[in-house]
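Below is the structure I would like to discuss, written out as structure tokens.
The values are calculated or read from the model by the stated rules, or taken from the named source; none is laboratory data. Please read all numbers here as calculations on a predicted model, not as lab measurements. Counting neighbours? That spans all protein chains shown, and the Cβs are built from the backbone with ideal geometry, glycine included. Areas reflect the complete protein model, heavy atoms only, side chains present, ligands, DNA and RNA absent. Shrake-Rupley method; radii C 1.70, N 1.55, O 1.52, S 1.80 Å.
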Amino acid sequence: MSSPLYSVSGVKIGGIAAAVPAESVPLTAFDETFGREHVAKFSAATGIKALRRAAENQTASDLSLAAAERLLSERNIPRRDIGLLIFASLSPDYRRPATACILQNRLRLSAGCGAFDLGLGCSAYPYALIAAASLLASSDARCALVLAGETMTKNTDPRDSSTAMLFGDAGSCTLLEKEEDAVIQGILKTDGEGYRDIIVPAGGFRNPLPAAARETRPLDRLFMNGMNVFSFSISGVPKAVREFYALTGTTADDFGLFALHQSNRQILDQIAEKIGAPAEKIPLCLADYANTSAASIPLALCAALGGNDSADPIRTFFCGFGVGLSCAVAAADLVPEGILPPVETDAAFEEGEIRAPADLEE
């Protein structure tokens, strides 16, 4: 069965900002743990030379908040105009409440602003774009925010070379605005049969943290079946892209940029070849930031285009894929002058530190 095509008229991407932690960890820091030769081979295969690691009490919402504050300030957007906020992440502040509610308060947005979390990882950004654009188009609100971020380093096992060196931390904010002639299109795909291929087994309600898990490899850390994920990425993703081309009557030649999830260089090279995307049209940020999951697409755009003052729109192809397993494709115009360079921050939400019941007492 083919996917439905989502086509949202009257909404544009008005700007993108990204924030990363101040600490940059070179992959050579893992030489002692995994061996210099293994680290060198891993770096050559993935294209990763360093990753960003969040401070101890810093979360994905802190990073995304920093990006949002900067974007709203730079674009001079009145906070009363924000009618919707979506936090796209698998790194929430708490199991409940939704982190989006906390961000609505921290950003001093109106109580009339809708806010919810979208619980996806590597495919979250295009999913959230389509969801936010659809809701904005059907409302009388002027603007919406998509905050996409992850702190993956807090969920990886430092003894697992396949994940400890692969993932980094980042946050982002994308502004959506009403514009009569704009259009955002996309398709969403899911292969839930692969739910175990990228998974943190414990810590939810299916499997609360068992004491036995601490005896060997903790079940509250990320497990990844690399071969299955690789297979899904180089076969399922190009298939979804070709489906989008067919549904929209487009080809690779119709796009000036291909903003792809920054999974690893081997996967990106194979996907690019299969979908006809030239290397010069694919922004990359793997070398400096590693795989930042939900934040990787906006971060790559900010790293590549931030500081560019061109007002000429670029038809941009977005594609996110991974945990779920899931995949999403979207297309929209980007104006480079609305994209800001990444900023560094170690800021954390001190009020959010709740270590004992007494901390909840006023």
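Taking only the stretch 28-56 into account, find how many residues are under 26 Å from Val146 (Cα atoms) and either open to solvent by less than 80 Å² (accessible area, probe 1.4 Å) or hydrophobic (A, V, I, L, M, F, W, C) (or both).
4
Further question: Right, Gly256: in contact with a His (Cβ under 9 Å, 6 or more places away or on another chain) and not basic (Lys, Arg) or not?
no
What's the number of the only condition in (1) crowded, with 21+ Cβ neighbours inside 10 Å; (2) in contact with a Leu (Cβ under 9 Å, 6 or more places away or on another chain); (3) not in a helix (DSSP H, G or I) that Thr163 fails to meet?
Result: Thr163 passes all but (3).
Every residue in the stretch 289-316 that is farther than 21 Å from Ser89 by Cα, in contact with a strand residue (DSSP E or B) (Cβ under 8 Å, 6 or more places away or on another chain), touching a residue at least 24 places away in the same chain (Cβ under 8 Å) and of a type outside the set (Ser, Thr, Tyr), please.
Answer for the stretch 289-316, where residues must be farther than 21 Å from Ser89 by Cα, in contact with a strand residue (DSSP E or B) (Cβ under 8 Å, 6 or more places away or on another chain), touching a residue at least 24 places away in the same chain (Cβ under 8 Å) and of a type outside the set (Ser, Thr, Tyr): Leu305, Gly306, Asn308, Ile314, Arg315.
Further, regarding this structure: Sort out which residues of the stretch 85-118 are open to solvent by less than 20 Å² (accessible area, probe 1.4 Å), outside any helix (DSSP H, G or I) and among the aliphatic types (A, V, I, L, M), and write them in order of number.
Within the stretch 85-118, Leu85, Ile86, Ala88, Leu107, Leu109 meet the criteria.
Here is a further query. Given the options Ala259, Ala240, Ala246, name the one that is over 21 Å from Leu51 (Cβ atoms) and open to solvent by less than 20 Å² (accessible area, probe 1.4 Å).
Matching residue, one of Ala259, Ala240, Ala246: Ala240.
Do you know which residues across the stretch 105-133 are in contact (Cβ under 8 Å) with a residue 12 or more places away in the chain and more than 19 Å from the chain's Cα centre (by Cα)?
Arg106, Leu107, Arg108, Leu109, Ser110, Gly112, Cys113, Gly114
Additional query: Mind listing just one residue for me: the one in the stretch 265-277 that is in contact (Cβ under 8 Å) with a residue 24 or more places away in the chain and surrounded by fewer than 20 Cβ atoms within 10 Å (Cβ to Cβ) and, of those, nearest to the chain's Cα centre (by Cα)?
It comes out as Arg265.
Just name the residue that is farthest from Asp169 (Cα to Cα) out of those in the stretch 57-73 that are open to solvent by 10 Å² or more (accessible area, probe 1.4 Å) and of a type in the set (S, T, N, Q).
Checking each candidate, the answer is Ser73.
Could you check the stretch 11-65 and list, in sequence order, the residues that are under 25 Å from Ser91 (Cβ atoms), part of a helix (DSSP H, G or I) and either in contact with a strand residue (DSSP E or B) (Cβ under 6 Å, 6 or more places away or on another chain) or of a type in the set (S, T, N, Q) (or both)?
Within the stretch 11-65, Thr33, Ser43, Thr46, Ala60, Ser61, Leu63, Ser64 qualify.
If I filter the stretch 318-362 down to residues being small (Gly, Ala, Ser) and part of a loop (DSSP other than H, G, I, E, B), which single residue comes out as nearest to Glu23 (Cα to Cα)?
Ala347
What is the residue count in the stretch 334-362 for residues that are modelled with pLDDT under 95, farther than 26 Å from Leu118 by Cβ and either of a type in the set (Gly, Ala, Ser) or crowded, with 17+ Cβ neighbours inside 10 Å (or both)?
Residues that pass the stated criteria total 2.
Let me ask another. Before we move on, is Ala331 surrounded by fewer than 18 Cβ atoms within 10 Å (Cβ to Cβ) and of a type in the set (A, V, I, L, M)?
Judged against the criteria, Ala331 is not a match.
Only one of (1) in a strand (DSSP E or B); (2) surrounded by 17 or more Cβ atoms within 10 Å (Cβ to Cβ) fails for Arg315. Which number is that?
(2)
All but one of (1) within 21 Å of the chain's Cα centre (by Cα); (2) surrounded by fewer than 20 Cβ atoms within 10 Å (Cβ to Cβ) hold for Asp309; which doesn't?
In the conditions (1) within 21 Å of the chain's Cα centre (by Cα); (2) surrounded by fewer than 20 Cβ atoms within 10 Å (Cβ to Cβ), Asp309 misses (1) alone.
Against the condition at pLDDT 90 or above, in a helix (DSSP H, G or I), surrounded by fewer than 16 Cβ atoms within 10 Å (Cβ to Cβ) and not small (Gly, Ala, Ser), how does Arg214 come out, does it pass?
So Arg214 does not fit the description; no.
Those residues that are over 16 Å from Ser293 (Cβ atoms) and surrounded by fewer than 21 Cβ atoms within 10 Å (Cβ to Cβ), I need them from the stretch 119-135; list them, please.
Hits for the stretch 119-135 are Ser134, Leu135.
Within the stretch 298-315, identify whether any single residue is at pLDDT 95 or above, of a type in the set (Val, Ile, Thr) and in contact with a Lys or Arg (Cβ under 8 Å, 6 or more places away or on another chain), and answer yes or no.
So far as the stretch 298-315 goes, no, none of its residues is at pLDDT 95 or above, of a type in the set (Val, Ile, Thr) and in contact with a Lys or Arg (Cβ under 8 Å, 6 or more places away or on another chain).
Take the conditions in a loop (DSSP other than H, G, I, E, B) and either in contact with a Leu (Cβ under 6 Å, 6 or more places away or on another chain) or farther than 21 Å from Ala300 by Cα (or both) and apply them to Ala277. Does it pass?
No, not satisfied.
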